[in-house]
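The values are calculated or read from the model by the stated rules, or taken from the named source; none is laboratory data. Note that the structure is predicted; figures quoted are calculated from it, not measured. So basically every Cβ, Gly included, is an ideal-geometry build from the backbone, and we count neighbours across all protein chains shown. With ligands, DNA and RNA removed, areas are computed over all heavy atoms of the protein, side chains included. Shrake-Rupley method; radii C 1.70, N 1.55, O 1.52, S 1.80 Å.
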Amino acid sequence: MSAKMFCQKLSPFWVMNRLVAVGHRNLSTTNPLKAQLTVRDALNSAMDEEMERDETVFILGEEVAQYDGAYKVSRGLWKKWGDKRVIDTPITEIGFAGIAVGAAMAGLRPICEFMTFNFAMQAIDHIINSGAKTFYMSAGNVAVPIVFRGPNGAASGVAAQHSQCFGAWYSHCPGLKVVSPYSAEDCRGLMKQAIRDPDPVVFLENELLYGIAFDVSDEVKSKDFVIPLGKAKIERTGDRITLVSHSKSVGTCLDAAKELAAQGVECEVINLRSLRPLDEETIIRSVMKTNHLVTVEGGWPQSGIGAEICARIIESMSSSSSF
């Protein structure tokens, strides 16, 4: 976990100690009396509904069909939609990623699953050079509407080669849109929007969140529910310090905010949802109110998401008299 601090009035070490203290606890719990949806089922239902809505949508990847997916995210979809729309592939990421990109160029809307985004490194040439750059290099004549999805970041006992967060990697690249959801609401609304988007979308899930149930409203369960890409969500309002995060680390921030509230420190927690485009406006507006910032992420500190956020805030301060 990396964290960067901005401004001074609160002790940075005090805030960081609170974040570390809650880092190993369970995610924020929800009221069992309300309607709930797991992250896994949110993703599954979103893909199912979009396949029903648009016959050009199909899924391919390792074990996505007969085995129902390594993490059961595509559970039941092969039985419902058949071999032509839920396709098991050989263990060759560079091969099936290339097939998926080509299919998108030809007018289909593939959902390309990587068993883990660590394996997507085998396919990064197709993701970047074939997927992200084609619309620009064709002068806008060839769109690549594709979703690359799968678990990202650290999990349990999977060692260094399977624990990387690719949020900063992919958000660095023009031509890609990058999504990093936290809750079931995020996953359902962002997945549906990502599938409908005309550009390639990298959809970074978290293995440890798949089985977590979140409260959801009737609006979230609607087939028409979508969340626009590039718009953050304020999960908790506050006026003393801004905590900005994405994916599983949002839960850590919410737990820290709850503990700090008991000590009279009200934190504003921002769930980024999208890493590219980044909702700079929401972040800056919050920091203008609190005058303090902590960014929390599961990636490495150098050239990370937090570093980008801090840089943008500094640039905004230098060009605006509002601060």
Filter region 71-92 down to residues that are touching a residue at least 40 places away in the same chain (Cβ under 8 Å) and open to solvent by less than 30 Å² (accessible area, probe 1.4 Å), then give me how many there are. 1
Test result for Cys165, in the same structural domain as Val101 (by the TED database) and buried (at least 20 other Cβ atoms within 10 Å of the Cβ): yes
Confirm whether Phe203 is of a type in the set (Phe, Trp, Tyr) and open to solvent by 10 Å² or more (accessible area, probe 1.4 Å). no
Contacts under 8 angstrom Cβ, first residue in region 276-290 being within 22 Å of Val178 (Cβ to Cβ) and not assigned by the TED database to the domain that holds Pro174, partner hydroxyl-bearing (Ser, Thr, Tyr) and surrounded by fewer than 20 Cβ atoms within 10 Å (Cβ to Cβ), 6 or more apart: Glu280/Ser316; Ile284/Ser316
Surrounded by 22 or more Cβ atoms within 10 Å (Cβ to Cβ), assigned to a helix (DSSP H, G or I) and modelled with pLDDT of 95 or more: which single residue out of Met47, Met51 fits that description? Met47
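Go through region 211-226 and give me each residue that's over 16 Å from Pro181 (Cα atoms), assigned to a loop (DSSP other than H, G, I, E, B) and either of a type in the set (D, E, K, R) or in contact (Cβ under 8 Å) with a residue 12 or more places away in the chain (or both). Walk me through it before giving the result.
The initial filter retains those residues of region 211-226 that are over 16 Å from Pro181 (Cα atoms), namely 217-219, 221-224.
Filter once more, so that each one left must be assigned to a loop (DSSP other than H, G, I, E, B): 217, 222-224.
Ser217, Lys223, Asp224 - these are the residues of region 211-226 that are over 16 Å from Pro181 (Cα atoms), assigned to a loop (DSSP other than H, G, I, E, B) and either of a type in the set (D, E, K, R) or in contact (Cβ under 8 Å) with a residue 12 or more places away in the chain (or both).
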Residue check: is Asn129 of a type in the set (S, T, N, Q), closer than 24 Å to Gly95 by Cβ and crowded, with 23+ Cβ neighbours inside 10 Å? no
Please go through region 224-248 and pick out each residue that is farther than 21 Å from Arg196 by Cβ and of a type in the set (Gly, Ala, Ser). Gly238, Ser245, Ser247
